[in-house]
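Comments concern the structure below.
Bear in mind that the values in this text are calculations on the coordinates, not laboratory data. Keep in mind that what you see is a predicted model, and the values were worked out from it rather than measured. Because the Cβ atoms are built from the backbone with ideal geometry, glycine has one as well, and the counts that use them run over all protein chains shown.
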Amino acid sequence: MTVSLRPVMDPAIERHLSVLEKARENLPGASQAWGGDLRSRAAEALARDGFPTTRIESWKYTDLRRVFRNEFAGQAQDIGALDISALDLSKWRAGEAGPVLVFVDGHFSEALSRLDKLPEGVRVMPLTAALADGASGIEGLLGSVSPLESPGLTALNTALMQDGAFIRIDDDIELAEPIQLLCITSAGFSGEMHLRHVVALGRHAKAKIVQGHFAAGESSGLCNVVTEAAVGEGASLQIFKRQEESRTAWHIGLVQARLERNAAFETFTLSSGGRTARNEVRVQLAGEGTNAVLNGLALARDRQHCDNTTDVEHAMPQGTSHQLYKSVVDDNARSVFLGRILVAKDAQQTDARQMNRNLLLSSGAQADSKPELIIHADDVKCAHGATVGDLDEDALFYLMSRGISADEARGLLVRAFAEEIIEAISDDAVRAWLDEGLVGWLNGGGQQEKAA
Amino acid sequence: MLSIKNLHAKIGDKEILRGIDLEIAAGEVHAIMGPNGSGKSTLSYVLSGREGYEVTAGEATLNGEDLLDMSIDERAAAGVFLAFQYPVEIPGISTMSFLRTALNSVRRARGEAEMEAIEFLKFARAKAAALEIDDKMLQRPVNVGFSGGEKKRNEVLQMSLLEPKLMLLDETDSGLDIDALKVVSKGVNALRDPERAFLVITHYQRLLSHIVPDKVSVLAEGRIVASGGKELALELEEKGYAAVGLKDEAAA
């Protein structure tokens, strides 16, 4: 076997670096010295490190060359030709309550967003506004959880970030309604969008974030989104992501959180869109007694490739992390789960569990599952497991023997398999929002987008 | 009602049914007994359409309709109901929603109006109460964590909701204590009707003293080797299968 030593990413990197040079003055934060400096350092990191290749363990099954083989049309300069007044956001919103930030092709749309009536101690604003305002407090936070060395496309994201959300919740403030971040791709979009969400929760603060990625029609662009969250002592953050982009589009997403002492963090990722979709979640349990829950559901058909990769770092004692990822794979699609758990020497009494279950609906479907446990402490509980199977023939026969048609029986069994993790979500509006995504997929969702 | 002629079926290369002839009239309860491996369960699976069985010869009709030509769900709509020996556990689907989906599927297929949720709830609760099935059980996933008795009561509940014409009871008494057996038998007997037929598969006379058959047939090596009235079951209980000229199962 020969391995090419030539860095294959070079042309794509060069292309992006030249985009940065040309667009620099127009990118948000150009007025702040630190912002410009950060972009320069990001460009240097990008030129030095390149994009991850499949030789890197956490990118073993997802080849970014397939993504960057496409010469995307660059970033949109504005919201463009999309008639936003015709957009029906209600089908994408998780209920009617709470602040909503809408991004169209990577740009914040004030007209579609709702940021009034924020409670005291809650700041929610577009990244562009936060970068332009020297007093917003974003300076010390941007890149603090997801530094340039973060794997994946974080350096690229930092160099070219065009918008996103900046969310700050002060100490002891509990926000009941979810903060909704909706990223909409217009029909025919073939460019790139680099979104950056920066979240900081003070001590004992509590918040939920809903992060939706939807398509208004068939598109072929790239969405590169990084969500970084600093979760303060005793604080609690939940991030629910629904990725439903066009099946000809590309999605590379990272959700990264750092938990201080006694903090709690929960994520759920429902991913059914994209030609290739990568949903990475990285959590650092940086304080004692923290609790992390990482759940996900990948739904893939046709020739889709859906990758869920997790990295949980237990740095301090008495942390718990529970992960349950499932996939339903049909046709010639492929799901990937890579789960790494690192337990540091000091992280005694860690309880880390990871489970990956995959349901294959056709002979051409494929699921790759790879756990990686690195344990340096001696007093820990760590468990992991993975299953791959097809629909239970006995259950199918049982349902059909009661008059239920083959198609309906299959649908019921797939839904039953997938629903288990959605059911456990306590917020009614969020649970319903995720359920809509699942039911939409079961009903062939995404296939009708050509007609839209 | 049910007419089976010269039915042959195999699994893979193994022939299990080797020429079954059986007529069950409407209103009749017909018990099939026989040693292990004689083909009793296979007969119920072939009639209900389970995959993996190949019919190589013969026919089976229900009120003149060719059963073997129908899919599993079409047979259910036509009136076939198999009460499973081992009802299948299905996590993630609540019993109530399963029952409603099933009922509305057969109603649609029979050209009847579907039942709305509220109406169905009342209907199902009344039927469940008669079988001593409480609401909690109906909220639980299908058969998951049910005791042996609960599973069999759930089978009878489905039977009473779907109102089939031909009931196939596959070893319904297995795994039941005497109290559960009484509840289940009572439920089955309540469904006896001049328009319905029952095929009751069992190893033991025990069930037949609760669900009293009109006729009893003995199946051995894929053929019916003896037939008679309910007294045949008592004779088998007393003398073993030697009574019909077979080697005693216990001695085999």
- Taking the Cα centre of the protein assembly as shown as the origin and placing charges on Cβ (Lys, Arg +1; Asp, Glu -1), which of B:158, A:332, B:62 is farthest toward the positive end of the dipole? A:332
- Item | Sum of -39500 (n - 2.57) over DSSP H runs of 4+, divided by residues of chain A (222 nm, nearest 500) | -6000 deg cm²/dmol
- Determine, from the Cβ-Cβ distance of residue B:230 and residue A:362 and an R0 of 60 Å, the FRET efficiency 1/(1 + (r/R0)^6), rounded to the nearest 0.05. 0.75
- Item | Residue among B:25, B:126, B:197 with the largest mean-square fluctuation in a Gaussian network model of chain B, springs linking Cα atoms under 10 Å | B:126
- Near-label residues of the stretch B:210-224 by backbone N, under 15 Å of a point 7 Å along Cα→Cβ of residue B:23: B:215
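Can you tell me the dipole magnitude for the stretch B:2-251 around its Cα centre, using point charges on the Cβ only (Lys, Arg +1; Asp, Glu -1), in Debye to the nearest 20?
380 debye
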- Message: For a Förster distance of 35 Å, can you work out the FRET efficiency between the beta-carbons of residue A:91 and residue B:109, rounded to the nearest 0.05?
- Response: 0.60
- Message: Take residue A:47 and residue A:381, extend 7 Å from each Cα along the Cα→Cβ direction, and tell me the distance between the two endpoints in nm.
- Response: 5.2 nm
- Qualifying aspartates and glutamates (Cα of each under 14 Å from Cα of residue A:22; at least 8 residues distant if same chain): A:14
- Task: Would you list which lysines come within 18 Å of residue B:5, measuring only between C-alpha atoms, while excluding same-chain residues fewer than 8 positions from it?
- Result: B:40, B:215
- Task: May I ask you to derive the relative contact order of chain B, considering only C-alpha pairs under 8 Å and at least 6 residues apart, and to give it as an integer percent?
- Result: 28 percent
- Task: Just grab the label-to-label distance for residue A:332 and residue A:84, each label 7 Å out from Cα along the Cβ direction, in nm (one decimal).
- Result: 4.0 nm
- Message: I need the calculated FRET efficiency for the pair residue A:394 and residue A:174, taking r as the beta carbon distance and R₀ as 56 Å, to the nearest 0.05.
- Response: 0.75
- Note on the structure: With the dipole of the stretch B:107-252 defined by +1 on each Lys or Arg Cβ and -1 on each Asp or Glu Cβ, the option from B:242, B:121, B:222 whose Cα lies farthest towards the positive pole is B:121
- Query: Of A:208/A:326; A:91/A:117; B:10/B:239; B:152/B:182; B:10/B:152; B:127/B:186, which ones are farther than 20 Å apart at the Cα?
  - Reply: A:208/A:326; A:91/A:117; B:10/B:239; B:10/B:152
- Message: From the helices alone, meaning DSSP H stretches of at least four residues, give me the mean residue ellipticity at 222 nm for chain B, per-run term -39500 (n - 2.57), in deg cm²/dmol to the nearest 500.
- Response: -11000 deg cm²/dmol
- Task: Considering Cα pairs under 8 angstrom that are at least six residues apart, work out the relative contact order of the stretch A:11-287 and quote it in whole percent.
- Result: 16 percent
- Here, residue B:192 and residue A:40, labelled 7 Å along Cα→Cβ, have an inter-label distance in nm of 9.5 nm
- How far, in nm, would the chain grow between residue A:115 and residue A:30 when pulled straight, counting 0.36 nm per residue and subtracting the alpha carbon separation? 28.2 nm
- Item | Whole-Å distance, taken between Cα centres, linking the stretch A:138-193 and the stretch B:69-111 | 49 Å
